[in-house]
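Please read the structure below before turning to the comments.
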Amino acid sequence: MGKDLIPPGGIEPINLRDALEERYLAYALSTITHRALPDVRDGLKPVHRRLLYAMRLLKLDPNAGFKKCARVVGDVMGKYHPHGDQAIYDALVRLAQDFAVRYPMVDGQGNFGNIDGDSAAAMRYTEARLTDIAMRTLDGLDEDAVDFRETYDGLDREPVVLPGGFPNLLANGAAGIAVGMATSIPPHNIGELCAAAQLLIKTPDASTQELLTHVQGPDFPTGGVLVRNDPAFLEAYETGRGGFRVRARWEVEDLGRGTWQVVVTEIPYQVQKSRLIEKVAELLQARKLPLLDDVRDESAEDVRLVLVPRSKNVDASLLMESLFKLTDLENRFSLNMNVLSGGRVPMVMGLRQVLREWLDHRKDVLVRRTNHRLGQIEHRLEVLGGYLIAYLNLDEVIRIIREEDDAKASLRAAFELSDVQAEAVLNMRLRALRKLEEIEIRKEHDKLTAEREQLLTLLGSDTRQWTRIGKQIAELAKVYGPETALGKRRTTFGDAIDIDVTDIHQAMIEKEPITVIVSEKGWVRALKGHQNDLSSLSFKQDDALKLHIHAETTDKLLVFTTGGKFFTLAADKLPGGRGHGEPFRLMVDMDEGHDVVDVFVSRGDRKLLLVSTEARGFVVNEADVIANTRKGKQVLNVTTPGEAKLCVAATGDHVAIIGRNRKLLVFPLAQVPEMSRGRGVRLQRYRDGGVSDAVVFNGADGLGWVDSSGRSFNRTLEELTDWRGDRAQAGRLPPNGFPRSNNFGRRTL
């Protein structure tokens, strides 16, 4: 912008949208590449890489002494990582926690936190040094194995990526939240990863399924049991997205005399033990764990959670399944292998691609280190060549050094030496002018020449390079193999039994017979046992018996109301029979003005015929009317002043319906549609009035009813020819003997 275009005050107007887009994109890219996502080559984020590099410069090798963590954090923050000291220290602490990382890269001394979630001591109290794993990751930094770049202030240099002699990304895993993307990679067993890498070297086009013959799945530092599902495993590792179910490891401890308790010895990865116990205790108080009586933490160095069952008759597997369902004793760890490819491009990779990029990086490191060593050999051979010439012409060399003003130029001219050789001759010590020194120089020259030939052969053969990498991986697998304490697989595999929580609660209910009493005004109670003589029952004033049914305490009761709604009640939750019971309205959210039409035991696999006072209805599956909440489920839609009138079992092939006008109609059940909700279709037509009763029966058995005197009647389809017709007809007066109450007198639910 020219001077004449600059507005007054030096303020330049810009488009707000463009400015936000530009700045937000810059922030997002910075977060993704310089903070949250690990590099696929060394598996490290910048803060971890800088921590390891700074500790190496402080010479904190595994065999060296410890240094205060404050010293390490200060160096990292001052030289390489201009962020908060607490964030850097937290990253350092995590690298040292054997319950957080599968293969610790920092050896910590002092309080570095615990699995309960307690934080580490302040950095001025704790000390640290590198582990062998970290040294393998750093090996080759002095040999031009990787590129370096300037630090944030331009005063120092830092590695762009580490040589990565250890497959850290998959072995230790990673987790991070960037802008618009995240990463979540579980730890794996190093022995299995080495075997998969060896397979990929021998067979570059090996499939993910072949790699999974070696990589069995995540291997968490806290152990646990992995619920394995082969198709899900394959898809997760092929696409880089998926998840794993991890369960606590438990065993039954016999206490004698038939009593027992469950002891949990390993909990899922990244679950805080103290928070887990709090959650179990909260569920116990809320009575959501009916099979559990108490929980105790008896942990010392190892995890030991004691779970006491409600009684010795409780099934241990059922108890644990309920805990797995409701607590973090079962946890899901997501897989999202979103990493930086080449340190620049964020992308989601599968197992094969991650291993492939790590192996390619190892090859680049090998070639660079080999070239670096070749350069050193070439330089040394050049120096040794100058030494040999000096020994062969020692007197003349001494004369030139003593007499010539520019000894270096004279030496180069007299013996055709290079600048490096002339400088080396001038820097020779007098003690090196021994008689046997020439022999030593020739031996070293021959040895270096042979090594140079080997290195040139290595650089010229792709096969030899991969063989060398394979040997390095084999050596790593030997040091951290499955027979070693650190390399032994901690997470094993098991199967999960999916049990519904309702089944768990059901298992706690003792099965006993009861008689459910429902009054005209909607009061309900449960009498013990199956009783038929109810003459001694008392009711509130102006109330009377509406119906009674025989049930078990383990049953579910379905309540059908005049509003066309169904409610579900547990039989064991009904009030006892000593008083008058409780109204349904206190147990469910029944609308004002609605009454109970029918109450029956849920069988789950039946079909029901629902009928309104207008003689409209349809058939519904009983499973579709079960309500899981207090609000119930609206099934039969009715319009005021119409109401729901009947709910009968649709067991048979014919429907018999009679209206208040005493007209009977029999028609095939097939003419009634099956629906899950609605008004239904007209079943019988009336000039005035409405429906009185209906029943579904088998035509082969005939239509039966019971009169007011208790006598039973039955008419075959042939005898009912005059009353048979189609749905929605008016019908005609019933046969002789039919009750004046216009009711079939049989309860079919």
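Figures for the structure shown
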item	result
Hits in the range 250-268 (condition: within 9 Å of residue 225 (Cα to Cα) and either in contact with a His (Cβ under 8 Å, 6 or more places away or on another chain) or in a strand (DSSP E or B) (or both))	266
From the options 714, 621, 628, 637, residue that is within 22 Å of residue 558 (Cβ to Cβ) and loosely packed, with under 14 Cβ neighbours inside 10 Å	628
Complete set of residues in the range 126-152 that are part of a loop (DSSP other than H, G, I, E, B) and free of Cβ contacts under 8 Å to residues at least 24 places away in the same chain	147
Residue 159 vs. criteria crowded, with 23+ Cβ neighbours inside 10 Å, at pLDDT 95 or above and assigned by TED's automatic domain parsing to the domain that holds residue 41	no
Where a residue in the range 477-490 is in contact (Cβ under 8 Å) with a residue 12 or more places away in the chain and its partner, wherever it lies, is among the aromatic types (Phe, Trp, Tyr), with Cβ under 8 Å and at least six apart	480/103; 486/103; 486/480; 487/480; 490/220
Restricting the range 327-349 to residues that are touching a residue at least 60 places away in the same chain (Cβ under 8 Å) and under 30 Å from residue 292 (Cα atoms), the residue that is surrounded by the most Cβ atoms within 10 Å (Cβ to Cβ)	329
Test result for residue 137, within 31 Å of the chain's Cα centre (by Cα), surrounded by 22 or more Cβ atoms within 10 Å (Cβ to Cβ) and either within 22 Å of residue 183 (Cβ to Cβ) or in the same structural domain as residue 73 (by TED's automatic domain parsing) (or both)	yes
Evaluation of residue 703 against (1) buried (at least 21 other Cβ atoms within 10 Å of the Cβ); (2) closer than 25 Å to residue 567 by Cα; (3) not basic (Lys, Arg) (one fails), failing number	(2)
All positions within the range 583-601 that are assigned to a loop (DSSP other than H, G, I, E, B) and surrounded by fewer than 20 Cβ atoms within 10 Å (Cβ to Cβ)	588, 589, 591, 592, 593, 594, 595
Strands (runs of 3 or more DSSP E) within the range 164-249 that include 1 or more residues more than 23 Å from residue 359 (Cβ to Cβ) and in contact with a Phe, Trp or Tyr (Cβ under 7 Å, 6 or more places away or on another chain)	225-227, 241-247
Breaking point among (1) modelled with pLDDT under 90; (2) closer than 16 Å to residue 618 by Cβ, for residue 748	(2)
Test: residue in the range 649-664 that is under 50 Å from the mean Cα position of the chain (by Cα), over 30 Å from residue 537 (Cβ atoms) and outside any loop (DSSP other than H, G, I, E, B)	no
Residue 473 being at pLDDT below 75 and surrounded by 14 or more Cβ atoms within 10 Å (Cβ to Cβ)	no
Entirely in the range 30-98, the helices (runs of 4 or more DSSP H) that have 1 or more residues that are at negative phi and touching a Ser or Thr at 6+ places or on another chain (Cβ under 6 Å)	69-75
Residue tally, condition in contact with a helix residue (DSSP H, G or I) (Cβ under 8 Å, 6 or more places away or on another chain) and farther than 20 Å from residue 433 by Cα, over the range 398-408	1
Some residue of the range 451-465 being within 38 Å of the chain's Cα centre (by Cα), in a loop (DSSP other than H, G, I, E, B) and at pLDDT 90 or above	no
Within the range 250-263, considering residues that are in contact (Cβ under 8 Å) with a residue 40 or more places away in the chain and within 17 Å of residue 494 (Cα to Cα), the one surrounded by the fewest Cβ atoms within 10 Å (Cβ to Cβ)	252
Selected residue [surrounded by fewer than 14 Cβ atoms within 10 Å (Cβ to Cβ), of a type in the set (D, E, K, R) and closer than 30 Å to residue 339 by Cα] from 405, 395, 462	462
Among the residues listed as 692, 676, the single one being in contact (Cβ under 8 Å) with a residue 24 or more places away in the chain, among the hydroxyl-bearing types (Ser, Thr, Tyr), within 20 Å of residue 608 (Cα to Cα) and part of a loop (DSSP other than H, G, I, E, B)	676
Near pairs, Cβ below 6 angstrom, 6+ apart or cross-chain, from the range 556-585 (within 18 Å of residue 534 (Cβ to Cβ)) to any residue that is part of a strand (DSSP E or B) and not hydrophobic (A, V, I, L, M, F, W, C)	575/525; 575/582; 577/525; 581/525
Filter result (among the acidic types (Asp, Glu) and either surrounded by 13 or more Cβ atoms within 10 Å (Cβ to Cβ) or touching a residue at least 40 places away in the same chain (Cβ under 8 Å) (or both)) within the range 717-749	726
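The values are calculated or read from the model by the stated rules, or taken from the named source; none is laboratory data. Only a predicted model underlies this, so the values are computations on that prediction, with no experimental measurement involved. Every residue, glycine as well, gets a Cβ built from its backbone with ideal geometry; the counts of neighbours run over all protein chains shown.
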